[in-house]
Amino acid sequence: MMNKVPVILISGFLGSGKTTLLLRLLAYTRQLPLRPAVLMNEMGEYDVDGAIISEEMPDVSVEGLLEGCICCSKRNELAGALHTLLSQEPDLIFMETTGVANPEQVLEELRSPLLADRLYLVHSISVVDAELFHEYNSRFTADKELVRTLHGQLRTADFIVVNKTDAASSREVTKVVKSIRKLNDTAKLQTAEYSRVDLEPLLEPVIASVSVAAKPVQVPQPESAQTQRPDAAAFKVISAHSHSHSQDPNQSHSFSRLESLTLHQYSPQPLEKQRLESFLTGLGSSLLRAKGYCVLPHEGTMLLQYSGSHLEWQPTALPVSQGYVTLIGEQLDKASIADQWEQCFISL
């Protein structure tokens, strides 16, 4: 009988710090040494977070499921993606869900006959943004589907990271922990900045059950799905994805109103950094998350991360011929956003 491969599931709302935690876990596994693999789920058409991992750790196998959530629209593809990773004989698989995925459905899928004899769950981790936790819970009260998702991310966790405590007051952090404990009073909980938590306890069960004998490293093929880049000649909207778990058309009022929109960088006119920042902030509270790779005239290729009105730029060596930005927000006015985006490329 084949040995089962351990799985660590990482969930959490948009911009909470899931990928940062995943990168720390991957770096730690390499020191042991263990051979990890990653299944990355993204709402947008392009795997931004998977590309980050591939740039920093090119020897880690990454399988991307895009334009949907593995808890609903991509659920039927989950088993196939995991079996692709299993064929590479990893010691451990990390699964990172989209920010609006309910891990309850994912865990149910892992227990299915297609996967139960090959995989076993070690940890279900949930990452929470301490600064925005109560704001989001209050804002989305009327969105029953999203409330179920946010609560599901916490109820299913055996380890909870209350992250970004540097951006919240100690009083607010205490309130967040108290609110979380009402939903889950048994999970281990750590507060953190930049997803810095004690990683050893998270990986102890894996170390105990997996042989850490060195194995040959298999470098992913350069043309894998997660590293392909769009190559359009001019501005266009690439994809628009809305999120819903419900299949009942009579229950549309409970659908999640969050959706994604991927925009291509206009060509041949350059995209000025200041214009892009003004474009994002101008979208107001409807925009919850933005990420992508932008080719700027002075700075070169930059990784853009926008969450909770915080905008960060990071230089990258990733070869990007043409940039793109994926927006995730609430009831996005796609026509208006497309027009505003196009204005970013009109010469003054």
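A few comments on the model shown:
- Of K164/K188; K144/K291; K4/K182; K144/K182; K18/K175, pairs whose Cα-Cα distance is over 23 Å: K144/K291; K4/K182
- Span from the the stretch 294-314 Cα centroid across to the the stretch 129-171 one, whole angstrom: 25
- ³J(HN,Hα), Karplus 6.51/-1.76/1.60, whole Hz, each residue of the stretch 184-189, x for Gly, Pro: 8, 9, 10, 5, 5, 9
- In order along the stretch 337-343, the phi-based Karplus estimate (6.51 cos²θ - 1.76 cosθ + 1.60, θ = phi - 60°) of 3J(HN,Hα) comes to 5, 4, 5, 5, 5, 4, 5 Hz; Gly and Pro are listed as x.
- Gain upon complete extension [S170, N3; 0.36 nm per residue less C-alpha separation]: 55.6 nm
- Amide hydrogen proximity for L39: with H placed 1.01 Å from N in the peptide plane, the residues at 5 or more positions away or on another chain lying under 5 Å are E63, F94, M95, E96.
- Stokes-Einstein diffusion coefficient of the stretch 12-166, Kirkwood radius over Cα pairs, 25 °C, 0.890 mPa s, in µm²/s: 153
- Partner aspartates and glutamates for K273 [C-alpha distance under 20 Å; skip if fewer than 8 residues away on the same chain]: E299, E312, D339, E342
Every number here is computed from the coordinates shown, using simple stated rules; none is lab data. Model, not experiment: these values are computed from the prediction.
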